[in-house]
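The values are calculated or read from the model by the stated rules, or taken from the named source; none is laboratory data. Source: prediction; values computed, not measured. Every residue, glycine as well, gets a Cβ built from its backbone with ideal geometry; the counts of neighbours run over all protein chains shown.
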Amino acid sequence: MAEDTDRVSDAFAALGDDTRVAILEALVDARRETPDDPGLSFSGLRERVGVEDSGRFNYHLGKLRGRFTTVEDGEYSLTEAGNEVVGGILAGTYDDALDLDPTPLDEACPLCGAAAVAHFGDGQLRVECEADHPLLVTALPPAAASDRSTAEIVDFAVRKTYAQLDLVTAGICSECYGHVQSEIRPVEADDDAIPSFAYHTECTRCGYVTGSVAAVAALRDAAFVAFCHEHGVTVGDRLPWTLPGIVDDDTTAVSEDPSRYETSFELDGDRLVVTLDDRGEVVDTARE
């Protein structure tokens, strides 16, 4: 564990200088200008960064070489780790938080009919109704919201949510790509509007946790996608809370050994019943 900590500390120390960050940004600028030939020579890179002292520049470049930059045939480019760092910088992950005023959406809360409102602040998008029913809560980097309208921010968040769901249902953490453990767990609540079971995931590497209604575990399953398609519903284009079976989740426990749970989805009088195991994996589907 100490070795891991030292390695991470060294990585962050390598980035703790304006010149080194400028080197990474210069390599991105070059790639943006000529994607087919993104590499820069030592002198070309130094000129872009604006450091006159060749020895000083070489010292800083040496701190990045191997981990964040690579050199081939005399030209420097970004490694995958360098791409990740610059991606975070461009996305605004490390910037001061952006806070936007709450904006009404052209959607009503399916629970109470009140108007849905979107608010972005502290790196998080929240969509809830005027009665405080949460409809969507997800983290977004500030740059994702700085040049988009509220409707575009919500659309971005929805697509990001589906992409994250693709990963976690496959057992992959969307934050650190570690292994994810998932389970269907009971929910204790006095409000009858709150479903009885939740789909809970937790990364064994970074501890990142997600939670949603149990029916969400079936949203990327082929049977559910096909069921929606037959009724003119494209899952990826719909706001999650407008999909069948999400707000009115009716998941019930049907077996203890082995643990099995049933949830259903209805469209135009047609019904799809999905059976989940205790990890939220689809083990059976049936049409009624």
- [ ] Could you please find all residues in region 222-265 being within 20 Å of THR138 (Cα to Cα) and of a type outside the set (Asp, Glu)?
- [x] VAL235, GLY236, ARG238, LEU239, PRO240, TRP241, THR242, LEU243, ILE246, VAL247
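Kindly indicate whether GLU128 is under 22 Å from LEU239 (Cβ atoms), in contact (Cβ under 8 Å) with a residue 40 or more places away in the chain and in a strand (DSSP E or B).
No.
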Open item on the list: Within region 261-281, does at least one residue satisfy the condition of being of a type in the set (Asp, Glu), surrounded by fewer than 18 Cβ atoms within 10 Å (Cβ to Cβ) and within 24 Å of PRO134 (Cβ to Cβ)?
Closed with: yes
Open item on the list: Condition (residue is exposed (fewer than 12 other Cβ atoms within 10 Å of the Cβ), part of a loop (DSSP other than H, G, I, E, B) and touching a His at 6+ places or on another chain (Cβ under 9 Å)) applied to region 223-241: is it met by at least one residue?
Closed with: no
Open item on the list: For region 119-152, which positions are among the small types (Gly, Ala, Ser) and under 25 Å from GLY87 (Cβ atoms)?
Closed with: GLY121, GLY123, ALA139, ALA143, ALA144, ALA145, SER146, SER149, ALA151
Open item on the list: Quick check on my filter: what residues within region 112-132 are crowded, with 17+ Cβ neighbours inside 10 Å and closer than 21 Å to LEU243 by Cβ?
Closed with: ALA116, VAL117, ALA118, LEU125, ARG126, VAL127, GLU128, CYS129
- [ ] Looking for whichever is closer than 15 Å to VAL247 by Cβ and in contact (Cβ under 8 Å) with a residue 24 or more places away in the chain here; the options are ALA198, ALA215. Which one fits?
- [x] ALA215
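Among ARG159, ARG148, which is the only one that is surrounded by 13 or more Cβ atoms within 10 Å (Cβ to Cβ) and either at pLDDT 80 or above or in contact with an Asp or Glu (Cβ under 7 Å, 6 or more places away or on another chain) (or both)? Write out each step before concluding.
On the way: ARG159 fails: surrounded by 13 or more Cβ atoms within 10 Å (Cβ to Cβ).
ARG148 is the lone residue from the list that is surrounded by 13 or more Cβ atoms within 10 Å (Cβ to Cβ) and either at pLDDT 80 or above or in contact with an Asp or Glu (Cβ under 7 Å, 6 or more places away or on another chain) (or both).
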Task: Hits in region 19-62 - residues which are surrounded by fewer than 19 Cβ atoms within 10 Å (Cβ to Cβ), small (Gly, Ala, Ser) and within 18 Å of ALA81 (Cα to Cα) - done: ALA22, GLY62
Open item on the list: Considering only region 254-270, I want to know if a residue exists there that is without any contact (Cβ under 8 Å) to a residue 40 or more places away in the chain, farther than 27 Å from HIS179 by Cα, aliphatic (A, V, I, L, M) and part of a helix (DSSP H, G or I).
Closed with: no
Open item on the list: Going through TYR261, TYR199 one at a time, which residue ends up being at negative phi, of a type in the set (Phe, Trp, Tyr) and under 21 Å from the mean Cα position of the chain (by Cα)?
Closed with: TYR199
Task: Enumeration of residues in region 44-76 that are in contact with a helix residue (DSSP H, G or I) (Cβ under 7 Å, 6 or more places away or on another chain) and of a type in the set (A, V, I, L, M, F, W, C) - done: LEU45, VAL49, VAL51, PHE57, LEU61, LEU64, PHE68
Open item on the list: Out of VAL137, VAL127, I need the residue that is in the same structural domain as PRO104 (by TED's automatic domain parsing) and at pLDDT 90 or above. Which one?
Closed with: VAL127
